[in-house]
Amino acid sequence: MQDYIRKPEWLRTKIGVSRCGKVGRTLNEHGLNTVCEQADCPNQGECFRAGTATFMLLGQHCTRNCTFCKVTFAPPQPVDPNEPQEVALAIQEMGIQHAVITSVTRDDLPDGGAAHFAACVRAIREISPEVTVEVLIPDFQGDLDALCTVLAARPDILNHNVETVPALYAQVRPQADFERSLELLRRVKQYASGIYSKSGFMLGLGETPQQVSALLARLHEVGCDIVTMGQYLRPSIQHYPVQEYVHPDQFAAYKEEALALGIPCCVSGPLVRSSYHAKQDFDRLKGKA
């Protein structure tokens, strides 16, 4: 396993000032968290300057300890019942047209936080009915009732990231299960017609091209409408080491492979993240429908 590989020029980007301008003021006023900041997304400066952010529900502490993720693994924080309303108000004030809502994983909650997600979607619909809503959910430990609670709120997109190829789950996502995640994506199509499904994963963790091809085939099999692929960036020396910086040409090749399989929309590149340019991706998908 590689300990350190020098970052190539195509990945040299500045994160930018956090909580700057109108976005920062709005987040502070409403006491909201973003995954942009908690996960050190390399695109956060660009997105904040553009007036958008990905909201992170249910506190800053995650009940899982994935080795790739910077979100804090610690005892969970109390659920704020006012958070859905605060998120909806922030979206209105920021003028967001396509809202992306995610959360930490809350295995301590009976429904994994599903009802909180649903309340958030409903609050957004009530205040800003014209806004499209994308939820990026955890696996709810495979609980079908929890998933159906979220689907019943009718988000436009249900996103759940598989994160990596199955062979690396034990090292990268030790508390997750690939088949469970895949089944969640399959159930979106079974239980909620008209809701788009989405998933994403990272490259550079040690996967092989053959494993990536097989993963794309599985995502197509369960009906994923949007697939995102981006470069894994190690948050700190304590996290899983980068095994490879994948060249942009290889990202382009994987995108072509995904489209050739029949996946309607694929976004692939070193700095691609699940919610990066999510509105443009959704608009592109709807244009194909």
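Think of it as helices only: each DSSP H run of n ≥ 4 in the chain is worth -39500 (n - 2.57), and spread over all residues that comes to -11500 deg cm²/dmol at 222 nm. In this structure, the amide hydrogen of Asp107, modeled 1.01 Å from its nitrogen in the peptide plane, lies closer than 5 angstrom to those of Thr63, counting only residues at least 5 positions away or on a different chain. Each of Gln190 and Ala50 was given a label point 7 Å from its Cα along the Cα-to-Cβ line. The distance between the two points is 3.5 nm. Set the Cα radius of gyration of the stretch 7-106 against 2.2 N^0.38 Å, with N its number of residues, and you get 1.11. Taking amide hydrogens as placed 1.01 Å from N in the peptide plane, the amide H of Val242 sits under 5 Å from those of Arg234, each at least 5 positions away in sequence or on another chain. Note on the stretch 140-289: percent of Cα-Cα distances in each 5 Å bin, starting at 0 and stopping at the bin with the largest distance, equals 2, 9, 19, 23, 21, 15, 8, 3, 0.
In terms of other Cβ atoms within 10 Å, Phe68, Phe55 run from fewest to most in the order Phe68, Phe55.
Between Asp107 and Glu130, the simple label model (points 7 Å from Cα in the Cβ direction) yields a spacing of 4.3 nm. Length gained on full extension, Glu9 to Gln175, computed as 0.36 nm times the residue gap minus the Cα-Cα distance: 56.4 nm. The alpha carbons of the chain occupy a box of 45, 42, 38 Å along the principal axes, longest dimension given first. Ranked for footprinting exposure by Cβ neighbours inside 10 Å, fewest first, Arg25, Arg186, Arg6 give Arg6, Arg25, Arg186.
For the stretch 159-175, 3J(HN,Hα) computed residue by residue from phi via the Karplus equation (6.51, -1.76, 1.60; θ = phi - 60°) reads 10, 9, 7, 7, 6, 7, 6, x, 5, 9, 4, 4, 8, 9, 10, x, 9 Hz, glycine and proline entered as x. Taking the DSSP beta bridges with both ends in the chain, the antiparallel portion is around 5 percent. Coupling constants for the stretch 125-140 follow from the phi torsions by the Karplus curve (6.51 cos²θ - 1.76 cosθ + 1.60, θ = phi - 60°), and in residue order they are 4, 5, 8, 9, x, 7, 7, 7, 10, 10, 10, 10, 9, x, 7, 6 Hz; glycine and proline get x. Phi angles across the stretch 226-235 convert, under the Karplus curve 6.51 cos²θ - 1.76 cosθ + 1.60 with θ = phi - 60°, into 3J(HN,Hα) values of 10, 10, 10, 9, x, 7, 5, 10, 5, x Hz, Gly and Pro given as x. In this label model, Thr208 and Gln92 are separated by 5.5 nm, measuring between points 7 Å along each Cα→Cβ vector. Distant-in-sequence amide contacts of Cys266, defined by a placed amide H-H separation under 5 Å and a gap of 5 or more residues or a different chain, comprise Val227. Taking every C-alpha pair closer than 8 Å and separated by at least 6 residues, the mean separation divided by the residue count of the chain gives a relative contact order of 17 percent.
Straight-line cross-link reach from Lys286 at under 29 Å between alpha-carbon atoms covers these lysines, not counting any fewer than eight positions away in the same chain: Lys189, Lys198, Lys255.
Read the figures in this text as sums done on the coordinates, not as results from a lab. In this text the structure is predicted, and so the values were computed from the model without any measurement. Ideal geometry is used to build each Cβ from the backbone, glycine not excepted, and the neighbour counts take in all protein chains shown.
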